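Each remark here refers to the structure printed beneath this line.
Values in this text are rule-based calculations from the coordinates and carry no lab data. What you see is a predicted model, and the numbers here were worked out from it, not measured in a lab. Glycine also receives a Cβ, built like all others from the backbone with ideal geometry; neighbour counts cover every protein chain displayed.
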Amino acid sequence: MILIGFSIERVLLGVLLVSLALLVLIIAYRKLLAYLGKGTPAPKDYCVLYSIEQDPVSGEVEIYFTTTHEKSVRIELLHSDLSVLKILKEDTFSNGGHIVRFDSTELPNGNYFYRLCTDNQKTFKRMTISN
């Protein structure tokens, strides 16, 4: 049987070849992603630093982060130019969630950053102080 100049066998062969080509491309793409991702630390090796819920902040501020492994962590308070103003806490933390508190009334109003540092990461968040 001929459908508008094409036989069913040729149409089926074309569909099979296109499907095979797509499958080969998908496999090659996944192999390329796996190759490029080698050597990067697993997401479980990172701490997660959360944003402060209220903005602007005033009074006592709570900085919350989580870790999946026991880790040495340093929490720093930074000026708006990213120079270190104060180290809020430097300790070894067990897995789970942790809160580091500081009094923002000691600082003038303005924009600041807080940073979580470990041996394999540095994470920044911004906050505005308005007392």
Practice task
Pick out, from ILE26, PHE113, MET127, the residue whose Cα sits farthest towards the positive end of the charge dipole of the chain, with +1 on the Cβ of Lys and Arg and -1 on the Cβ of Asp and Glu.
Solution key: ILE26
Problem - Correct option for Cα Rg over 2.2 N^0.38 Å [calculated from the coordinates] among (1) 1.06; (2) 0.94; (3) 1.90 - result: (3)
Fill in the blank from the handout: Amide H neighbours of LEU88 at under 5 Å, excluding residues fewer than 5 places away on the same chain, with H built from the backbone geometry, are ILE75, GLU76, LEU77
Completion exercise
In segment 33-101, the GluC sites (Glu not before Pro) that sit in a DSSP loop and have at most 15 other Cβ atoms within 10 Å of their own Cβ are GLU53, GLU70
Handout entry: Backbone N under 13 Å from the GLU62 label point (7 Å along Cα→Cβ), restricted to segment 96-131
Key = 97-102
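Based on DSSP H runs of at least 4 residues, each adding -39500 (n - 2.57), what is the mean residue ellipticity at 222 nm of the chain after dividing by all its residues, to the nearest 500 deg cm²/dmol? Display every interim value, and only then the final one.
On the way: 1 runs with 29 residues, N = 131.
For the chain, the value works out to -8000 deg cm²/dmol.
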Handout entry: Label-point separation, ILE8 to TYR50 (7 Å along Cα→Cβ), nm
Key = 6.2
Fill in the blank from the handout: At R0 = 22 Å the Cβ-Cβ FRET efficiency linking HIS69 and LYS38, nearest 0.05, sits at 0.55
